[in-house]
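Engineer: Okay, here's the structure, questions in a sec.
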Amino acid sequence: MRVAVAGATGRTGSEIVAEARERGHTVHALSREPVGEERDIAHLPAVLRDETDVLIDFTVPEATVDHVQVAAETGTPIVVGTTGFSEEGLDALSDAAESTPVLRASNFAPGVQALLRVVRAGVEALPEYDIEMTETHHNGKRDAPSGTANTVLNEIDAAREAALERVYGREGEQPREDGEVGVHVRRAGNVRGEHEVLLAGNDEVLTLTHRAESRRVFAAGAVDAAEWVREQDAGEYEFSETL
């Protein structure tokens, strides 16, 4: 498989390049600021048109929207790991999916897919319990809460069959109200990613936690997704469909 990686010099992008090469794929590493063998992202249209079977994009929302439009024009399947999109950005991804397969995920760790299922089961089984969510990432992460945290929160809403009010941190006199979920964000060091959902009530506490020990788990999932999506028809896909 010939795979282009946008954001190849980033924390996860560099791991994706290594993972894809270990599997024997031909990799075209692209970056806004090449530091070695990478090519400038300005070459993306030509690379997608002539040298690529699938694009993996882990950049920033504004750049990803541009890259997805190029992928749509060239009919190149794309895997998107970028998070923090605006509504307009999400609409752009949906528009591109009319012309090419687009697989977008906030997290490519298989364990997170299991966490989503367990969270939903736990929230449904404990409908009266209070819910708090905490997520921790490295000090360079831009969006808060993380895309994965928002995905988990959406799963909680679905389990409760209502959108809970999201209270971001607490300060001063702020007693807890019914129908809310506390959301807490931490940014420190080189933490790869940790998400914890706490359910409390009836004199007991249940915590559900996923912790990534290495970014390689995200890279492996992204390459798995690329191998899968290149065989699909145009449309929007989720990572859970590849498992």
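Each value in this text was obtained by applying a stated rule to the coordinates, not by laboratory testing. Since we're looking at a predicted model, the values are computed, not measured. As a convention, Cβ positions derive from the backbone with ideal geometry for all residues, glycine included, and neighbour counts pool all protein chains shown.
Engineer: Residues with amide H under 5 Å of residue 183's amide H, sequence separation 5 or more or different chain, H placed in the peptide plane at 1.01 Å from N; which?
Structural biologist: Under 5 Å from the amide H of residue 183: 133, 167, 168, 169.
Engineer: For the chain, what does the helix formula give at 222 nm: sum of -39500 (n - 2.57) over DSSP H segments with n ≥ 4, over the residue count, nearest 500 deg cm²/dmol? Numbers along the way, then the final one.
Structural biologist: Values: 7 runs with 87 residues, N = 243.
After summing the helix terms and dividing by residue count, I get -11000 deg cm²/dmol.
Engineer: Let me ask another. Can you give the Rg to Rh ratio for region 110-211, taking only C-alpha atoms and Rh from Kirkwood?
Structural biologist: Working: Rg = 13.4 Å, Rh = 14.0 Å.
Radius of gyration over Kirkwood radius for region 110-211 works out to 0.96.
Engineer: Tell me the angle of helix 216-229 to the major Cα principal axis of the chain, expressed in degrees between 0 and 90 and rounded to the nearest ten.
Structural biologist: Long axis of 216-229 versus the principal axis of the chain: about 60 degrees.
Engineer: Taking the Cα atoms only, what angle lies between the long axis of helix 11-22 and the longest principal axis of the chain, rounded to 10 degrees?
Structural biologist: Result, in degrees: 50.
Engineer: Have a look at 126, 30, 55 and tell me which one the Gaussian network model of the chain (Cα, springs below 10 Å) gives the largest fluctuation.
Structural biologist: Comparing 126, 30, 55 in a Gaussian network model of the chain, the most mobile one is 126.
Engineer: Between (1) 61, 36, 31; (2) 87, 29, 28; (3) 55, 43, 31, which matches Cα extents along the principal axes in Å calculated for the structure shown?
Structural biologist: (1)
Engineer: Would you mind pulling out the separation of the Cα centroids of region 37-95 and region 180-223, in Å?
Structural biologist: What the calculation gives is 28 Å, centre to centre.
Engineer: Rounded to a whole number, what is D in µm²/s for region 54-145 from Stokes-Einstein with the Kirkwood radius over alpha-carbon pairs (4 °C, 1.567 mPa s)? List each step's numbers first, then the result.
Structural biologist: Values: Rh = 15.2 Å.
It comes out at roughly 85 µm²/s.
Engineer: Measure nothing but the geometry: give the 0 to 90° angle between the long axis through the Cα atoms of 147-160 and the longest principal axis through the Cα atoms of the chain, rounded to 10°.
Structural biologist: That helix lies at roughly 50 degrees to the long axis.
Engineer: Compute the longest continuous run of the chain that contains no exposed trypsin sites (Lys or Arg not before Pro); treat a site as exposed when its DSSP state is not H, G, I, E or B and it has at most 15 other Cβ atoms within 10 Å. Can you show the working numbers first?
Structural biologist: On the way: sites that count: 23, 142, 170, 176.
Longest run free of exposed loop sites: 24-141.
Engineer: Give the peptides 217-227, 82-92 in descending order of average Cβ contacts within 10 Å, highest first.
Structural biologist: Values: 217-227: 23.5, 82-92: 15.8.
By packing density, highest mean first, the sequence is 217-227, 82-92.
Engineer: Positive end of the dipole of the chain, charges at C-beta (+1 Lys, Arg; -1 Asp, Glu), about the Cα centre: which of 235, 113, 55 has its Cα farthest in that direction?
Structural biologist: 55
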